[in-house]
Every structure is written in structure tokens, then in C-alpha cells.
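Undergrad: I have a structure here, written as C-alpha cells, and I will follow up with some questions on it.
The values are calculated or read from the model by the stated rules, or taken from the named source; none is laboratory data. Here the structure is a predicted model, which means the values were calculated and not measured. With ideal geometry, Cβ positions are generated from the backbone for all residues, glycine too; neighbour counts draw on all protein chains shown.
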Amino acid sequence: MIAGLYLRVCAAVVLLAHVPVASPIQADEIDELIAVVAKAGPQGAGSVEARRASTLLTKRGVEILPRLLRAMDTPNVVAANWYRSAYESIVAREAAKPAPEFPVPFLQEFARDSKRQGRPRRMVLSLLDELTPAYRDSILPTLLDDAEFRSDAVALVLRQGDRAKAKGDVKKAKTKFQAAFKHAREVGQLTGATDRLNAVGVNVNIIEQMGFVTRWYLLGPFDAPGRSGFDESYPPEKSVDISAGYTGKDGTKIQWMLSQTGDRLGQVDLIQAIAPVKEAVGYAYAELNCRQDQNVQLRCGADDNLTVWLNGEKILARRQWLNGTRLDRFAAPALLQRGKNKLLVKICQGPQHKNPAVPNNWSLQLRFCDETGYAADFESALPEAAR
Amino acid sequence: MKTVCNFIVLTAAIHGALARAENWAGWRGPNRNAVSPEKNIPTTWSENEGVRWRSQLPGAGISSPVIWGERIFLTSSDGPKQDNLHVICLSRRDGRELWRQRLWGTSPTRYHATKSNMASPTPVTDGKHVFAFFGTGDLFCFEIDGHLVWHRSLASEYGRFENRFAATSSPLLHGDMVIVQCDHYGDSYAVAVDQNTGADRWKVERPDEWLSWSSPQIVPVGDTGKHELLLCGSLKIDGFDPQTGSKLWTVGGLQQECIPTPVFGHGLIYAVSGPGGKSLAIRPGGHGDVSDSHVVWENSRGVPFVPSAILVGDLYYLVDDDGIATCLDARDGKRVWQKRLAGRYTASAIGTGEHIYFFNEDGETIVIRAKCNNFEQISRNRINEPVFASPAISQGDLFIRTTKELLCIGPD
């Protein structure tokens, strides 16, 4: 953005508050052009018409920015980009003027309107950074629950807490860190807030905040030569009988064992919990109690791979091998039902990597959460104490 | 041996006046082989010498610069999710920004902290249009003056990409189609899109493929006038009819996750994937599983995970991620030489008939003499910023994208 834009806009903001826009617009024509662009969609459909309409919109001035921005508030990213193309041209042209006349009050209202799509709001806030530089920090603390700006807001509040602590105001720092922890959804921010809270004597629980399943019955290892385990079906896939015993890899007798992971992010180390084996299959079984039906997200990862059944329905299967367990690598929609839910996970373990230095990993990480990443409402129905 | 090399240099100098000024129209330049037919490309420079201009770039990107005439096209991405996309056009003469389009990406994925982002695929141009593909699952067509022509949100239409390092596959132009390979954790596919309308011409599902980052390649089949489309991924390389997307043949022997793009020469396809994998020389023109019948040679030396290989004359050059450079005889796959270079490597080597350029992640370039049966280092040049993007050669200049800038290496 052009240097000095802020100063040149200050006068214009005052002017705009009292003076009607300079060039009256024909509402119908703009609406028609916006409607044409809205039809752009899959397979390049509507591109010719959208381009023509966008070109005509580009020739207009800042007076159409509010309508362009409202049009951008669409899940249709193709149409949104056509609108944006016109928006960027209009903004650049206006910014180059000696006294730009951006509709700052509207832009500010648009940027903080949590009901709108995040991408145009972020774009507008970037413009406001040039027009009214203090505005971002003034609104971010009010956007801790905002889908688009949550992360920015949490980062700001963490910084505010750090500054308070550095000045010796521990009480204020605690308040800031607690607010950050409550609203954070990204793991880096959650662990950062946790560490800060621990340092000022406050304990919090990331597991509960993120919705990890940490209490499992584990069974294995079943024999699975090479990479055959993914496609092979083993007894738990027919029915789960916690009291049953099976013949496992190398003829060993195996049975379900209750296990509670102590990992900070709910990762289950099957090498430790089951056995340090290769070319094997293990199962994890949990029961979850819910107070009501919930449409949630399953988020999970495993090394080497996993298949997930919820209440008997396969809801996720990923075949890839040797990828390491990464937080939220895979996601799928899931329905947690009121009452007891039965969760079965199959975790495959492939052969040793060609490089013998690659460590032997066999692990699982799984959680249920809402779209923002906050824990779904459930509790383990398995016994409290691990055997 | 050095005498022979000097003779080659002298011969090249005599014919230097015939050197053509070429465009570098997409990933890996002419024929996607990363070898420019130009001569007298700079071989020495430093942070302060030999750099004609440098231009700051917005955001992040490891896509290569693409050059057509007086225009350079680049892509980048920024924002908390890297879903704010940029398509940039610079002047080849002075690096001045001619235009920039800012767009939204549909569905950003995970990406590597330094080695990838949503602007990893290299754009491609035919001199009239620029086609830019992003890891967000979006394909755009622009006129070369920057006007948007169409936008395909593949992530909206066919499902969001699931990728841990972000998609890097670069689009390929063939006839009036732009072809994109979309191999990921979810439902993989390749799609050929009409350059004029943006509509699908064909789409082939790849249910057995999972995550790969390799780019499609197109090769001629002997003198038949026909071409085959090559896609590497999931333990194999497949040949397709580029007109229909029908699968023609397959050769096993690649790694599960493929990154390098195959090169072509001497009537052979040279495919490689590592680590721990091998290079394969394959005759095109097969049907069905031709793993036993069409593989001319294979060699497991010096196989990279990320950088693509390069073929110059009868020699096939590789550098692996840890800097082991290997030269094989392209005719039989036998080792010619092997040498440890400094640094780690993400960018793919490029070359001319005279020299091979290896770019490490620290901003250092090692230039060696091409077509020599021994390792002969010409120069070692350092700039102060990391380099992950594969550079380009065009019209006498070398273009190096660092993590912050585009540098034009060439005479004033």
C-alpha cells in the first residue's frame, strides 16, 4: 500500500461522514453485474460473463466497495475471486489519489462482523492496517471466539500477558493467559498458554480442551506380513469381546489390556503398550458417553496407518505407511450419539524402513471436536484406573 | 580428460553465435528437461557481483520463475493459512512489477515450514495465457497482461487436498489442454482442462495412488507423432494417452511417495524416486505392465527424494537431498562419477549444453562442466539467502528465486 495513505485518509474519513458519495450509482446495474459474477462456478462455467461483469465493476469507484464486499461474503470462492479482482483494482486506484475517500466506517464494521466469511474480512482488515493502523489491535481482543481472527486474537492476548508478567503484574498475566488458553484452538497456542499458566502456578488440561481419547482397551499384536494388515480383517472387526483371548503374532496369546496414555497430546505409544514389533496389527477400543447427539469431527493420525469404526460404521480409513503420527493429519465427520458410543481403531505396523536408522514407531492419536477444534462433549465410559 | 573437455568448450564457443534466446515457459523449462539450448550463461556471481537486478517478492513460494519474452511470472502465498495467493508478473529487463493478481485459495493444507507452501507448483505459459496452480486446490488462467480468464476450484469440485507438505505438482500444457496431477491422501486424480474454457476435457481417477508431489511429463513415442503422458506416484510410473486420459502402461519400481519429474532423451524416459529407490530408463510405447519388458536399465546410486534429475548429452546427473552428486551414463546406467557437494538440496539442477548448475539450500551454486566424464567444478557462487526454488535460464540470464527475492544473474 502507498506510504502516507493513513494521513491522507484521515481527512477523507471526516469528509465522508458528512458528504454523500461523489458519484451516484445506478443500483440496478451494479446489482445485475454482481448477480452475473455470482453464477461463476464449477467447470469454468460463467467465466466469460463474470469477466465482462468484473471488468465493468472495476471501472466504478469506492462507492461500490460495500456492495462488492457483501457479494464477497459467499462460500463460492470462484465468484469471490472475480469480485476481489474488481475490488483490488478499485482500491489500488483510490489509494493512489492525493486524498483517498475509503468508506472507513463501513470497512471497520465489515471487518469485525463475525457472521461474514473470513477471507474478505481479513482482506479488509489488511486495508484498514494502512488506513487506520491502530484499529487491528483495538478489535482483536473482542474477537477471541471469531472463526477468522481467533488465532490473531489469542496471539495478541498472549503477548499482552507476557508484557504484564514482565512488568510484575502476575494477576493480569494470569487473566490474559487463561483467556488465551480458553479460546485457543491451535496446538502451538494451547501448549504456549499452558506453559505460561504453569509458570504462574495454574494447571490446565489440554486433553480436555482438545477432546483426545486417552483411555483405551488395546489388543495386539496380530501377525500381518509385509503390508497385508490394512486389508486383512481380524476378529475385533467382527465383534469386540473384551474378555476374549486370541492367538497373536508368533503364536503368542494376546488379550485386551486397559491403557491410559499420559502423553500431553493424547498419543498412544503401541510399542510401549503392546510390543516392539514389525509387520503387525493392533486394535484400540474405547467407549464414550455423550449427553446428547452431536455432529462432530473425528481428527486423528497414526503410524503406520489406521481405520476407524464408530458404532459399527467405518468412518475413516487411510492406507499410507511410514508417515509418523501427526496431530489432526486426517479428519472425517462423525456422529456421537446420546448414551454409549463404541469406538474401534485398527492401527497397522509395516516393515522396517529401508533405512535402518528410521526408528520403530507404532502409535495412535485421536480426538473428537467441533469445527473449531474444541473438544466434543463426551466422557470415557471405560473404568477409571488402568490395569 | 581435461583436454577433451576443453575441446568441447572451444567447439561450443565457435558455435556460440548460434545460441538461441529461449523462453523458460514452465516447470523445468524447455521440454521440462531443465536444459536450456542457450550458451554463455553466467557461471560466476556473488551477493554483490553479477546480479543485474533483484526484486522483492511478497509472501512465500518455492515455485520457479517462468519467463516468456520480456515477462517473468511467479507465484507466492501468504496469510496465516497461506491461502492468500499471488500471481506476479515482473519485467525481465529490470525486475519491476508489471502486475499482480491477489486471489483466495479454496482449501489450504499443511505445509513444510521452509520447503513448501501453497505456492509450490510452478506456473506455465504459452505466451498468451498463464496457468497457475496452487496447493489450495485452485487452478487459474490469466491473460499475460494479468486479466483473470477463469478459475477452477478443484478442491470445491473434487474434494479438498490432503497433503502434509502441500501439493507441488506443476501443471503441464499439451495441445489446448492444461494437465494437473492431484495425488494426495484423499481421492487422487489427474485432470486435463480446456485452456480456453476451464472445463474438464478428461479426468482419470487414481484410486491406488496416495500422496506424491511429482509433476506430469509428456514424451514423444518414437517417430509415430504420438505422445504419452507420464505420471509418477505410489511405487510406479504410468503412461497415459494425453488425449483421453486412458492408461496405457505401468512400470513398477519407484518409491511410495514420488517427487522428481521424469526427463526424456535418447528415446528413453528417465524416472527416479528416493530415498532408497532407483533411477529407471524406460522405453515408451508399451501396453499393460511393462516392468519386465521396457526397463532398459536401473541404478540405485545417488537417488534423491526431492530434486529432479537432469540429462545433458549422454550423461544423466542426480544430486540427492544430502548433496551426493552422481553422474550416470544415460545409455547403460553405469556410474561415471560420484562426488559429495556442499549443503543440502531441494532445488532441482538445471543446465545448458555447457554447464550443470546445482543449487543448495544455503544459497550456494556449484557449477560443473557438462558432458564431461569426470567431475570438473567451474565455480562456486554464494548469495546470502536460502534457495529452495528451482532456478531458470532465459535469454542469456539466470534467474534465482531465494526465500525473499528474485535475482537476475546476467551482464549489465
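Undergrad: What are the residue pairs meeting all of these: first residue in region B:262-279, first residue within 14 Å of another protein chain (Cβ to nearest Cβ), second residue of a type outside the set (Ser, Thr, Tyr) and surrounded by 24 or more Cβ atoms within 10 Å (Cβ to Cβ), Cβ atoms under 7 Å, and 6 or more apart or on different chains?
TA: B:SER273/B:CYS232; B:SER273/B:LEU254; B:SER273/B:CYS258; B:SER273/B:ILE259; B:SER273/B:PRO260; B:GLY274/B:PRO304; B:GLY277/B:LEU254
Undergrad: If you take just the strands (runs of 3 or more DSSP E) that sit entirely in region B:305-412, which of them hold at least 1 residues that are in contact (Cβ under 8 Å) with a residue 12 or more places away in the chain and more than 25 Å from B:TRP68 (Cα to Cα)?
TA: Qualifying strands (runs of 3 or more DSSP E): B:315-319, B:324-329, B:335-340, B:364-369, B:377-382.
Undergrad: Within region B:121-167, how many residues are at pLDDT below 95 and buried (at least 24 other Cβ atoms within 10 Å of the Cβ)?
TA: Residues flagged as at pLDDT below 95 and buried (at least 24 other Cβ atoms within 10 Å of the Cβ) within region B:121-167 amount to 4.
Undergrad: Counting only residues that are within 14 Å of chain B (Cβ to nearest Cβ), small (Gly, Ala, Ser) and buried (at least 22 other Cβ atoms within 10 Å of the Cβ), give me the helices (runs of 4 or more DSSP H) lying completely in region A:58-151 with at least 3 of them.
TA: Helices (runs of 4 or more DSSP H) meeting the threshold: A:77-95.
Undergrad: Further, regarding this structure: Out of all the residues in region B:28-35, is one or more crowded, with 21+ Cβ neighbours inside 10 Å, at pLDDT 95 or above and closer than 24 Å to B:ARG100 by Cα?
TA: yes
Yes or no, residue by residue, for (1) crowded, with 19+ Cβ neighbours inside 10 Å; (2) in a loop (DSSP other than H, G, I, E, B); (3) outside the structural domain of A:CYS369 (by TED's automatic domain parsing):
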{"site": "A:LEU158", "(1), (2), (3)": "yes, no, yes"}
{"site": "A:ALA173", "(1), (2), (3)": "yes, no, yes"}
{"site": "A:LYS182", "(1), (2), (3)": "no, no, yes"}
{"site": "A:GLY188", "(1), (2), (3)": "no, no, yes"}
{"site": "A:TRP216", "(1), (2), (3)": "yes, no, no"}
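Undergrad: In addition: Of the residues B:GLY233, B:GLY198, which single one is within 14 Å of chain A (Cβ to nearest Cβ) and in contact with a Phe, Trp or Tyr (Cβ under 6 Å, 6 or more places away or on another chain)?
TA: B:GLY198
Undergrad: From the residues in region A:331-371 that are assigned to a strand (DSSP E or B) and more than 20 Å from A:LEU218 (Cβ to Cβ), which one is farthest from the other protein chains (Cβ to nearest Cβ)?
TA: A:GLY339
Undergrad: Suppose we filter region B:127-168 for residues that are more than 13 Å from chain A (Cβ to nearest Cβ), touching a Pro at 6+ places or on another chain (Cβ under 8 Å) and not hydrophobic (A, V, I, L, M, F, W, C); how many remain?
TA: Qualifying residue count, region B:127-168: 2.
Undergrad: Tell me which residues, restricted to region B:169-195, are within 13 Å of chain A (Cβ to nearest Cβ) and part of a loop (DSSP other than H, G, I, E, B).
TA: B:ASP183, B:HIS184, B:TYR185, B:GLY186, B:ASP187, B:SER188, B:GLN195
Undergrad: Just give me the residues in region A:38-48 being part of a helix (DSSP H, G or I) and within 11 Å of chain B (Cβ to nearest Cβ), in sequence order.
TA: Scanning region A:38-48 gives A:PRO42, A:GLN43, A:GLY44, A:SER47, A:VAL48.
Undergrad: Report, by residue number, each residue of region A:314-324 that is buried (at least 16 other Cβ atoms within 10 Å of the Cβ) and at pLDDT below 85.
TA: The answer is A:ARG319, A:GLN320, A:TRP321, A:LEU322, A:ASN323.
Undergrad: Next question, about the same structure. If you go through region B:109-120 one residue at a time, do you hit one that is within 14 Å of chain A (Cβ to nearest Cβ) and at pLDDT 95 or above?
TA: Scanning region B:109-120, I find at least one residue that is within 14 Å of chain A (Cβ to nearest Cβ) and at pLDDT 95 or above, so the answer is yes.
Undergrad: The conditions are (1) crowded, with 21+ Cβ neighbours inside 10 Å; (2) at pLDDT below 95; (3) under 30 Å from B:ASP292 (Cβ atoms); (4) not aromatic (Phe, Trp, Tyr), and B:GLY222 fails exactly one of them. Which is it?
TA: Against the list (1) crowded, with 21+ Cβ neighbours inside 10 Å; (2) at pLDDT below 95; (3) under 30 Å from B:ASP292 (Cβ atoms); (4) not aromatic (Phe, Trp, Tyr), B:GLY222 comes up short only on (1).
Undergrad: Still on this structure: Suppose we filter region B:270-314 for residues that are in contact with a His (Cβ under 6 Å, 6 or more places away or on another chain) and surrounded by fewer than 22 Cβ atoms within 10 Å (Cβ to Cβ); how many remain?
TA: 2
Undergrad: Let me ask another. Only one of A:GLY266, A:GLY168, A:GLY262, A:GLY220 is assigned to a loop (DSSP other than H, G, I, E, B) and over 32 Å from the mean Cα position of the chain (by Cα). Can you tell me which?
TA: Exactly one residue qualifies, and that residue is A:GLY168.
Undergrad: For the subset of region A:190-201 comprising residues that are surrounded by 15 or more Cβ atoms within 10 Å (Cβ to Cβ) and β-branched (Val, Ile, Thr), which member is nearest to the chain's Cα centre (by Cα)?
TA: Looking at residues that are surrounded by 15 or more Cβ atoms within 10 Å (Cβ to Cβ) and β-branched (Val, Ile, Thr), I get A:THR191.
Undergrad: Same structure again: Looking only at region A:331-372, which residues are touching a helix residue (DSSP H, G or I) at 6+ places or on another chain (Cβ under 9 Å) and of a type in the set (A, V, I, L, M, F, W, C)?
TA: Within region A:331-372, A:LEU344, A:ILE347, A:CYS348, A:TRP362, A:LEU364, A:CYS369 meet the criteria.
Undergrad: If you go through region A:228-259 one residue at a time, how many are assigned to a strand (DSSP E or B), loosely packed, with under 15 Cβ neighbours inside 10 Å and of a type in the set (Gly, Ala, Ser)?
TA: Here the count works out to 1.
Undergrad: If you take the residues in region B:201-211 that are in a loop (DSSP other than H, G, I, E, B) and more than 10 Å from chain A (Cβ to nearest Cβ), which one is modelled with the highest pLDDT?
TA: Top of the filtered list is B:ARG206.
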